[in-house]
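To start, the structure itself, in structure tokens.
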Amino acid sequence: MATYRLNRDTTARKALFNNLIRSLVSYEQIETTSAKARAVRGQFEKLVTKAKAATLNSRRQVQSILQNNQLVKKLMDEIAPRYQESKGGYTKLTPLGARRGDGALMVRLELTKKVALDLKPKKEDQRAKTKNKAKSSLLPKKIINKNEKINVAKVVAPRTGRRGDR
């Protein structure tokens, strides 16, 4: 069976794949080389399929790969329920172009279903803003005459250099 070796020995390759999977769970997208993304994509999809089962055994299998309780909780409680009705295709690859240093093809590996963020301010926040505006308008404002001088202290830059402050 052909596998992605990526010029690494077995332990280094497994560690690399596990770290990429952890990053994908925590950030929901990663930017990496095309070969690494294609290698990790299948493992991540199998992991999400296990997490969708939501049994104690599946939780333990996910824990054995992620090795982090917070990431397991996020995968089982937030990510897996998004894909409950779909049978696969949890990730997508977006090409980003060649890396500047070595010309490696870079891609963004991200989840297909993102969490919709509510960008509208809540009604309570709007009420608090109007109350603050009303309070600020009631406070007396200090009136400065044009003829008055305002004392402003000169700001001197601290001496920094090899010798310090001499």
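Pairs with C-alpha atoms separated by more than 19 Å, drawn from the list LYS46/LYS113; LYS52/LYS73; LYS14/LYS52, are LYS14/LYS52.
Between LYS14 and ARG82, the contour length at 0.36 nm per residue exceeds the alpha carbon distance by 21.8 nm.
Per residue, the convex hull around the alpha carbon atoms of segment 10-111 comes to 97 Å³.
Read-outs: derived from the displayed coordinates by stated rules, not from any lab. Fair warning: this is a prediction, and the values are worked out from it, not measured in the lab.
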